[in-house]
Structures are given as structure tokens and as C-alpha cells.
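See below for the structure under consideration.
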Amino acid sequence: MISKIFFSKKISAFLAISICLVALALFFFNAPKANASVLDWQKSVTIYPNGPNDFSSSDFRRSLSNAANMNINHVTVAIPIYQSSNTSSDIQTGRNTPTDQSLIDAINHARSLNIRIAFKIHLSTFDTSQWGAFINAANRDEWFGGYQRMLNRYGAIAESHRVEVFIIGNELITMATATSNPDNTQRWSNMINSLRSVYSGSLSYNSNWGGSFFSDEKNHIEFWKELDFIGISAYFNLNDDFRAA
């Protein structure tokens, strides 16, 4: 009798597990499929200028036409701006900041190729060997005020010419993460709100992908909810074997 009861319990357990597996299979096979067609992906290239009129040049037009021939459908136009040192607050244009007309020419040529546009603000010090992550302005009020003016200036151009995406910063870890300074989050939220008053397109910020606690910026930005996209400089290893092709 004991062996029969034990055998009966084993059969019951087996049936219960089988029913669960069938239910899970039915759920997954009948679940709605995600609409993530490769045709819908953004296939993009970023172009960084060496001079103020580069985006008006035949070289730029040729580069963008070549990109279009490779089925690129988005272009990110980098807008370099500068400050004197890591601790200064004198945000300004530099030798390769594109002129307004150069930006407009870039937009018009991209439009002629059915390529969508993003503006990307890229702040560095004039000593470009310094990583922007270490910018740490001594006068924070002045720095955020100057940065806001730059955002709104280029945001107005983006709005006038229907630029689809505006990337508001790039790897400014010390001035952007909550772990570097809890005040950063509110400062960026204020700038984003101001920018949205002049620009109606989509906003993003380009964070560092990280390796160490400091450089893992993406997990220490607390104003993501204010933006439309999360941006990451994704330099992840594709293979742990350095000999891999």
C-alpha cells in the first residue's frame, strides 16, 4: 500500500510539472511579439568637425552621401564647445565650433538624402587631452548659466530647422552625476526644462558606459526621466579574447 501511495504521488507531481510546462509554453508561444524590425533601427554616424565651416564643405557632402549609400538613416552633428580649464566657467565657442550657416547647410544636405538629424553638444577644455568627465567648475552658478545659454542657443536653431534629436551633453561625469554632487540632478532638470521652452524635439544625454565606479556614469545619472532617450557611449568588449578578429 505504501509503495502504491508513493507511486501515485510521483505520478501526481509529474502531471503537475507537465501541466506547468505546457502552460508556460502556451504563454510564450502565444505572447505578443515585440515590434523590433531591423528596418526600424537607427543606423547612424557621428561627424565631428575640424573647422567652423566643415559642414558646408564638399568633403562633408561626399561623406554623408557615402553614408547614405550604406543605408545610414541618421546623422549626429557634433557641436564642440570649450572652457579654459577643468575648473573654469567660461563656456565659449572654439576654433572648430560650426557656424550657424554651416549647421544649416548640414541639415539641408541631410534632408536631401532623407537622413534625420541630431545635434550633439560636446564640451571640452581647450587642452583637449583632458577628459570632459573631470570638468569641475569652481563657480557652479556661472558654469550652469553658461551651459544653459549654449543649450538654448543651439536648441533654437534645432527648432527652426526641425532637427529631430538634441543630445544635451557628453560624459560630463563630475558635473552631471548625483554621486559626484547631489545638486547636479536639479541643475540639469532646470536646464532641460528651459531647453524644452525653445525646442520641441526629442532630448538625450550621452553617458559613459563605465568600468570603474566613477566612469560608470550611466548608472549615476538621475535626470534620465526628464529625457526621451538614454544615451550611452558603448565601448563594451565584444570578446574577452584579445586575439579575436
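Consider K218 carefully, then state whether it is closer than 25 Å to F119 by Cβ, assigned to a helix (DSSP H, G or I) and in contact with a strand residue (DSSP E or B) (Cβ under 6 Å, 6 or more places away or on another chain).
yes
I'm told T46 meets every condition in (1) assigned to a strand (DSSP E or B); (2) modelled with pLDDT of 95 or more except one. Can you identify the failing condition by its number?
(2)
Quick one: is I121 buried (at least 19 other Cβ atoms within 10 Å of the Cβ), hydrophobic (A, V, I, L, M, F, W, C) and in a strand (DSSP E or B)?
yes
When only residues in the stretch 38-69 that are without any contact (Cβ under 8 Å) to a residue 24 or more places away in the chain and aliphatic (A, V, I, L, M) count, which is surrounded by the most Cβ atoms within 10 Å (Cβ to Cβ)?
Here the residue is L39.
Could you please tell me which pairs satisfy a Cβ distance under 7 Å, a separation of 6+ or placement on different chains, a first residue in the stretch 220-242 that is of a type in the set (F, W, Y), and a second residue that is part of a strand (DSSP E or B) and modelled with pLDDT of 75 or more?
W224/I230; F229/S202; F229/S204
Rundown of residues vs (1) modelled with pLDDT under 95; (2) within 17 Å of N53 (Cα to Cα), yes/no style:
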residue	(1), (2)
A110	no, yes
F119	no, yes
L123	no, no
S129	yes, no
A158	no, no
G169	no, no
A178	yes, no
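Is it the case that some residue within the stretch 157-166 is among the hydroxyl-bearing types (S, T, Y), in the same structural domain as S207 (by TED's automatic domain parsing), over 23 Å from T125 (Cβ atoms) and surrounded by fewer than 20 Cβ atoms within 10 Å (Cβ to Cβ)?
Checked the stretch 157-166: at least one residue is among the hydroxyl-bearing types (S, T, Y), in the same structural domain as S207 (by TED's automatic domain parsing), over 23 Å from T125 (Cβ atoms) and surrounded by fewer than 20 Cβ atoms within 10 Å (Cβ to Cβ).
Looking only at residues in the stretch 189-225 that are among the acidic types (D, E) and surrounded by fewer than 19 Cβ atoms within 10 Å (Cβ to Cβ), which one is modelled with the lowest pLDDT?
Once the filter is applied, the top-ranked residue is D216.
Using beta carbons and a limit of 6 Å, which pairs, at least six apart or on different chains, have the first residue in the stretch 196-217 and over 16 Å from N152 (Cβ atoms) and the second one surrounded by fewer than 16 Cβ atoms within 10 Å (Cβ to Cβ) and of a type in the set (D, E)?
Close Cβ pairs (under 6 Å, with a partner that is surrounded by fewer than 16 Cβ atoms within 10 Å (Cβ to Cβ) and of a type in the set (D, E)) amount to S202/D228.
Would you be able to say whether some residue in the stretch 72-82 is touching an Asp or Glu at 6+ places or on another chain (Cβ under 6 Å) and not in a strand (DSSP E or B)?
no
Checking the condition assigned by TED's automatic domain parsing to the domain that holds N206, closer than 30 Å to N69 by Cβ and under 19 Å from the mean Cα position of the chain (by Cα), which residue from H122, H109 passes?
Answer to the check: H122.
The values are calculated or read from the model by the stated rules, or taken from the named source; none is laboratory data. Values in this document were obtained by computation on a predicted structure and should not be read as measured data. Virtual Cβ from ideal backbone geometry, glycine too; neighbours counted across all protein chains shown.
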